[in-house]
1. What is the distance in Å between the Cα centroid of segment 81-132 and that of segment 145-189?
2. If you place +1 on the Cβ of every Lys and Arg, -1 on the Cβ of every Asp and Glu, and leave all else neutral, what size is the dipole of segment 94-182 about its Cα centre, to the nearest 20 Debye?
3. Can you give me the angle between helix 139-155 and the longest principal axis of the chain, using Cα atoms only, in degrees from 0 to 90, rounded to the nearest 10?
4. Treating only the Cβ atoms of Lys and Arg (+1) and Asp and Glu (-1) as charged, compute the dipole magnitude of the chain about its Cα centre; round to the nearest 20 debye.
5. Mind checking which aspartates and glutamates have their Cα closer than 16 Å to the Cα of Lys133? Skip sequence neighbours fewer than 8 apart in that chain.
6. For segment 91-190, what value does the Rg/Rh ratio take when both radii are computed over Cα atoms and Rh is the Kirkwood radius, given to two decimals?
7. What ³J(HN,Hα) values, in whole Hz, does the Karplus curve 6.51 cos²θ - 1.76 cosθ + 1.60 give for segment 112-124 when θ = phi - 60°, with x put for Gly and Pro?
8. Say the dipole of segment 2-189 comes from +1 at the beta carbon of Lys and Arg and -1 at that of Asp and Glu; which of Met132, Ala46, Ile97 then lies farthest toward its positive end?
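Bear in mind that the values in this text are calculations on the coordinates, not laboratory data. Treat the numbers as computed from the prediction; the structure is a model and nothing was measured. Glycine gets a Cβ as well: all are built from the backbone with ideal geometry, and neighbour counts include every protein chain shown.
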Amino acid sequence: MKELFAIISLVLGFATFVPYYIEMWRGTAKPHIFSWIPWTVMTGIAFWLSITNGGGAGAWLFALQSICCGIVLIYALFRGERNITTFDRFTFAGTLIVLFLYVLTKNAIISSILAASVDTSAFIPTLRKSFMKPWEEPTLTYFLSGLSFLFTVLAIESFSFVTMFYAVCLILSNFAFVVFALIRRKMLRK
């Protein structure tokens, strides 16, 4: 049953990026590089933490997400959001500091907390940008991402703080972003 949940999470995980890739192709999605760098790196680290701590099939989605985030990152380098504020730089510097602390720690629990902190803080530039331009981020992408991580939690073979914490944080942050973007769009329509 765990493998079935893992396969569902992988299908949803890939489907997560389809609307985003389509919007990038159309030129309507403008990924913020200071969000996509940490997301690419942190999901790769989460894969390593999960697979080495008994996550089993529940770790597979992190590997897929890291690759898919890397594709968006490459796009963001050339055609992403160009309005980089001082606040964005401050947030990114904080992300780098936490990433540095993550590298220094050898404790899997602390590493999981730091990885989740980096990933969550990486939402800040996207939230700031989406406050002004809420239609530049396809909410379906973030909804499917949250859903895919829900299935990845169900696929975890050995439940522990290390194997679950990061995925649960991704579920909450993705769904929270969807709610934020939809409310902001509604406000701007009025």
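1. Cα centroid of segment 81-132 versus Cα centroid of segment 145-189: 17 Å apart.
2. Values: 4 positive and 4 negative charges, 43 e Å.
Dipole size: approximately 200 debye.
3. Value to nearest ten degrees: 0.
4. Working: 15 positive and 8 negative charges, 164 e Å.
Dipole size: approximately 780 debye.
5. Reachable aspartates and glutamates: Glu23, Glu81, Asp88.
6. On the way: Rg = 15.3 Å, Rh = 14.7 Å.
Rounded to two decimals, Rg/Rh equals 1.04.
7. After applying 6.51 cos²θ - 1.76 cosθ + 1.60, I find 5, 5, 5, 4, 5, 5, 4, 4, 5, 5, 5, 6, 4 Hz.
8. Farthest towards the positive pole: Met132.
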